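K.L.:
Take this structure first; my questions come after.
The values are calculated or read from the model by the stated rules, or taken from the named source; none is laboratory data. These numbers come from a predicted model, not from an experiment. Cβ atoms come from the backbone with ideal geometry, glycine included; neighbour counts cover every protein chain shown. Please note that ligands, DNA and RNA were not included when accessible areas were found on the heavy atoms of the full protein model with its side chains. Shrake-Rupley method; radii C 1.70, N 1.55, O 1.52, S 1.80 Å.
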Amino acid sequence: MEHHEQPAPLSPAELTAVRRSMTDGRMAMTRRSLLRAGGALAAAAGGLGALSACGIPPAGRTDAGKSTDHSAAEKRLNFSNWTEYMDVSKDGKRHPTLDRFTRRTGIAVNYTEDINDNDEFFGKIQAQLAAGQDTGRDLIVLTDWMCARMISLGWIQQLDPGNLPHAYANLSAQYRDPAWDPGRAHSYVWQGIPAIIAYNKKATGGKKVDSISQLLEDPQLKGRVGFLSEMRDSVGLTLLDMGKRPEDVTADDYDAALARLQKGVDTKQIRRFTGNDYTNDLDKGDLAACVAWAGDVVQLQNDNPDIAYAVPKSGYMVSTDNLMVPNKARHKQNAERLIDYFYEPKAAARLAAYINYACPVDGVREELAKIDKKAAANPLILPDKEMAARSHSFRALSAKENKEFAQKFSDLTGA
C-alpha cells in the first residue's frame, strides 16, 4: 500500500521536543555518554539550527530507491548510529564487535555516532532522499515511529531475506510483525526500549510502586513523581492503566489520558516531566518513583541497591530502534551482512552486555551468561515470554496527528 505523506516543517512543539531530546532525552546523557557528550551535543545543536530554519524543501514519496550495489567490489560500508550505542573497548578506542565482523568478512565499517535525535537526523538526510540521491550512509538506526514515516515515503530499501538467515531465524517474536513494516520487509530491530516504573526503596519507605494509578494518586508519593518527556511512553503507559491499547489510540483516548496526567500536574502529584536526567534525582531519592527506561534502571542498579523497578500489570511500553538501508546506498549487501551478524547470539550477547537495553535476539542467554550472569538473568535485558507478551507500542501517527498530539503534550508539560 502506498502512502503520499508530505514531510511538513516541524511545528513549534515538535521543535521543542527535538531540543529537549538532544539535551536530556533518551540516549543523550547516559552514565557512559556523560564523558563524551559535549562534542556530540554541540554538533547536534548546529544541526538543529539548520533544521529549525526550515530550509529543506518539502518533498513527496520517492520510489527510485534501488541503485547499483558496489558491495562485491568495495568491501566497506558506512554505518550511522546513536551516541554510546555500540560496545567499546576498555581503552575507548575500538568497537570489538565491529572489529570481529571486519576480520571475518574483510568488510571495513566506517562507524559514525551522528544520530542525536530522530527529527534532527531526518532533517540531515531529507533533501538527499527526496532528490533520489545517496546520503553517504548504507545503514542507519532510527526509532520505530520515524522508521514508519520514512518507509511510507518510499525512502527505505527492502531487505533481501537471503542475506539475513540469522536475523530471520532469531528475531524475537514480539518484534516480528510491526504494523508499520509488516514482516520486517525494510527493517530489523537494533534494541528494544522498554518504559517501565522505577522507584527508590529508601524514598518510598520500602513500599513497592507498580502501577501508573499509584504514581498519580498515592499521597505518600505526592511531589516526588516523575513522568517522561517522551509523549509515547508517558501517555502510552497511562492509556494502558486505563484499559486502552496504545496500538489503537483514538483522539478521544489520547485526550482522556492527557486529562488524567493534567490532574497529576494540577494537584502537584507530578514533580516534573523529565528526559534522561531523572536518573540523578531517582538515585538521590528526590524522585521517589517515576516512569523510566529499562537501560537506565539496569545501570542505576549496578551502583545503588535501593533502586527497584516494576512492570505494571496493565502492561508496559516498548519502542524499538531499527536498522534500515536508505535509498541509493552503495553497499546494501554489506549492510545486510552486518545486520545478520548482529543476530548471531555471540555478537548479540556482546552488544547486550554493554548496552543493557532489551536484546531482540532469541538464543542469547547462554552466550550472555558467559560474559555477565547477572545481565543474562535480567528480564529487562532478556525478557521472558510472559514479560514479552505484556509489551505494547504506540501506533504510527500521521503527520497531522503527530503535530496535534505533540502540541497538546507540550501544553501539558510546559515545554
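K.L.:
Within region 132-148, does at least one residue satisfy the condition of being assigned to a loop (DSSP other than H, G, I, E, B) and hydrophobic (A, V, I, L, M, F, W, C)?
P.N.:
Keep residues of region 132-148 that are assigned to a loop (DSSP other than H, G, I, E, B), which gives 132-138.
Now drop any that are not hydrophobic (A, V, I, L, M, F, W, C), which leaves none.
No, region 132-148 has no match at all.
K.L.:
Is at least one residue of region 381-391 farther than 29 Å from Asn302 by Cβ and in contact with a strand residue (DSSP E or B) (Cβ under 6 Å, 6 or more places away or on another chain)? Please lay out each step first, then the result.
P.N.:
Residues of region 381-391 farther than 29 Å from Asn302 by Cβ: none.
Checking region 381-391: not a single residue is farther than 29 Å from Asn302 by Cβ and in contact with a strand residue (DSSP E or B) (Cβ under 6 Å, 6 or more places away or on another chain).
K.L.:
Also, I was wondering about something else. Open to solvent by 70 Å² or more (accessible area, probe 1.4 Å) and at pLDDT below 90: does that describe Ala53?
P.N.:
Numbers: open to solvent by 70 Å² or more (accessible area, probe 1.4 Å): yes; at pLDDT below 90: yes.
So Ala53 fits the description; yes.
K.L.:
Let me ask another. Scanning region 136-150 for residues that are at pLDDT 95 or above and open to solvent by 10 Å² or more (accessible area, probe 1.4 Å), which turns out nearest to Leu338 (Cα to Cα)?
P.N.:
It comes out as Arg137.
K.L.:
On to the next question. Does region 263-285 include one or more residues that are in contact with a Ser or Thr (Cβ under 6 Å, 6 or more places away or on another chain) and aliphatic (A, V, I, L, M)?
P.N.:
There is no residue in region 263-285 that is in contact with a Ser or Thr (Cβ under 6 Å, 6 or more places away or on another chain) and aliphatic (A, V, I, L, M).
K.L.:
Report yes if some residue within region 216-230 is among the basic types (Lys, Arg), within 23 Å of Phe405 (Cα to Cα) and either open to solvent by 10 Å² or more (accessible area, probe 1.4 Å) or touching a residue at least 24 places away in the same chain (Cβ under 8 Å) (or both); otherwise report no. Break it down into steps so the answer makes sense when it comes.
P.N.:
Going through region 216-230, the residues among the basic types (Lys, Arg) turn out to be 222, 224.
The next check asks that each one be within 23 Å of Phe405 (Cα to Cα); those that pass are none.
No, the conditions are met nowhere in region 216-230.
K.L.:
Something else: Restricting to region 218-239, name every residue that is charged (D, E, K, R), closer than 18 Å to Thr279 by Cβ and more than 15 Å from the chain's Cα centre (by Cα). Break it down stepwise before answering.
P.N.:
At the first step, the residues of region 218-239 found to be charged (D, E, K, R) are 218, 222, 224, 230, 232-233.
With the extra rule that they be closer than 18 Å to Thr279 by Cβ, the set shrinks to 224, 230, 233.
Result: Arg224, single match.
K.L.:
If you don't mind, there's one more thing I want to ask. Filter region 151-179 down to residues that are open to solvent by less than 20 Å² (accessible area, probe 1.4 Å) and of a type in the set (Gly, Ala, Ser) and give me whichever is farthest from Asp321 (Cα to Cα).
P.N.:
Selected residue: Gly154.
K.L.:
Can you tell me which of (1) over 25 Å from the mean Cα position of the chain (by Cα); (2) at pLDDT 60 or above; (3) surrounded by fewer than 18 Cβ atoms within 10 Å (Cβ to Cβ) is the one Ser71 doesn't meet?
P.N.:
(3)
K.L.:
Let me ask something else. Assuming Val109 fulfils every condition listed in (1) without any contact (Cβ under 8 Å) to a residue 40 or more places away in the chain; (2) β-branched (Val, Ile, Thr); (3) farther than 30 Å from Gly236 by Cβ; (4) surrounded by 19 or more Cβ atoms within 10 Å (Cβ to Cβ) apart from one, which condition is it?
P.N.:
Unmet condition: (1).
K.L.:
Still on this structure, I have one more. Can you tell me which residue among Asn334, Asn327 is surrounded by 19 or more Cβ atoms within 10 Å (Cβ to Cβ) and farther than 20 Å from Met86 by Cα? Give the steps one after another, and end with the answer.
P.N.:
Numbers: Asn334 fails: farther than 20 Å from Met86 by Cα.
Result: Asn327 is the single residue among Asn334, Asn327 that is surrounded by 19 or more Cβ atoms within 10 Å (Cβ to Cβ) and farther than 20 Å from Met86 by Cα.
K.L.:
Exactly one of (1) modelled with pLDDT under 95; (2) within 19 Å of Ala352 (Cα to Cα) is unmet by Ile115. Its number?
P.N.:
(2)
K.L.:
Among the listed residues Arg350, Arg365, which satisfies the condition of being out of contact with any strand residue (DSSP E or B) (no Cβ under 8 Å at 6 or more places or on another chain) and under 23 Å from Ser391 (Cβ atoms)? Before the answer, list the steps.
P.N.:
Working: Arg350 fails: under 23 Å from Ser391 (Cβ atoms).
Just one listed residue meets the conditions, Arg365.
K.L.:
Would you mind stating whether Ile307 is open to solvent by less than 20 Å² (accessible area, probe 1.4 Å), more than 30 Å from Leu77 (Cβ to Cβ) and free of Cβ contacts under 8 Å to residues at least 60 places away in the same chain?
P.N.:
no
K.L.:
In region 234-288, what residues are surrounded by fewer than 19 Cβ atoms within 10 Å (Cβ to Cβ), outside any helix (DSSP H, G or I) and of a type in the set (A, V, I, L, M)?
P.N.:
Met242
K.L.:
Any residue at all in region 72-89 that is on the phi > 0 side of the Ramachandran plot and acidic (Asp, Glu)? Quick ask: steps written out before the conclusion?
P.N.:
Step one: of region 72-89, the residues on the phi > 0 side of the Ramachandran plot are 84.
Still in the list and also acidic (Asp, Glu): 84.
Within region 72-89, one or more residues are on the phi > 0 side of the Ramachandran plot and acidic (Asp, Glu).
K.L.:
On the given criteria, is Gly92 within 25 Å of the chain's Cα centre (by Cα), part of a loop (DSSP other than H, G, I, E, B) and at pLDDT below 95?
P.N.:
Values: within 25 Å of the chain's Cα centre (by Cα): yes; part of a loop (DSSP other than H, G, I, E, B): yes; at pLDDT below 95: yes.
Answer is yes for this residue.
K.L.:
Go through region 180-198 and give me each residue that's farther than 23 Å from Tyr354 by Cα and either surrounded by 23 or more Cβ atoms within 10 Å (Cβ to Cβ) or in contact with a Lys or Arg (Cβ under 7 Å, 6 or more places away or on another chain) (or both).
P.N.:
Quick first cut of region 180-198, residues farther than 23 Å from Tyr354 by Cα only: 180-186.
Selection gives Arg184 alone.
K.L.:
How many residues are assigned to a helix (DSSP H, G or I), over 20 Å from the mean Cα position of the chain (by Cα) and in contact (Cβ under 8 Å) with a residue 12 or more places away in the chain when one looks only at region 289-304?
P.N.:
Taking region 289-304 as the starting set, the residues that turn out to be assigned to a helix (DSSP H, G or I) are 294-303.
Filter again for over 20 Å from the mean Cα position of the chain (by Cα), leaving 301-303.
Of the ones still in play, those that are also in contact (Cβ under 8 Å) with a residue 12 or more places away in the chain are 303.
Matching residues across region 289-304 total 1.
K.L.:
Name the one entry in Gln133, Gln126 that is more than 15 Å from the chain's Cα centre (by Cα), more than 30 Å from Ser314 (Cα to Cα), of a type in the set (S, T, N, Q) and buried (at least 18 other Cβ atoms within 10 Å of the Cβ).
P.N.:
The unique qualifying residue is Gln126.
K.L.:
Scanning for something in contact (Cβ under 8 Å) with a residue 60 or more places away in the chain, small (Gly, Ala, Ser), assigned to a loop (DSSP other than H, G, I, E, B) and farther than 30 Å from Asp321 by Cα, does region 182-204 turn up at least one residue? Steps first, please.
P.N.:
Let us first name the residues in region 182-204 that are in contact (Cβ under 8 Å) with a residue 60 or more places away in the chain, namely 186-204.
Retained after the next criterion (residues that are small (Gly, Ala, Ser)): 187, 192, 195, 198, 203.
Retained after the next criterion (residues that are assigned to a loop (DSSP other than H, G, I, E, B)): 203.
If we keep only those that are farther than 30 Å from Asp321 by Cα too, we end up with 203.
Within region 182-204, one or more residues are in contact (Cβ under 8 Å) with a residue 60 or more places away in the chain, small (Gly, Ala, Ser), assigned to a loop (DSSP other than H, G, I, E, B) and farther than 30 Å from Asp321 by Cα.
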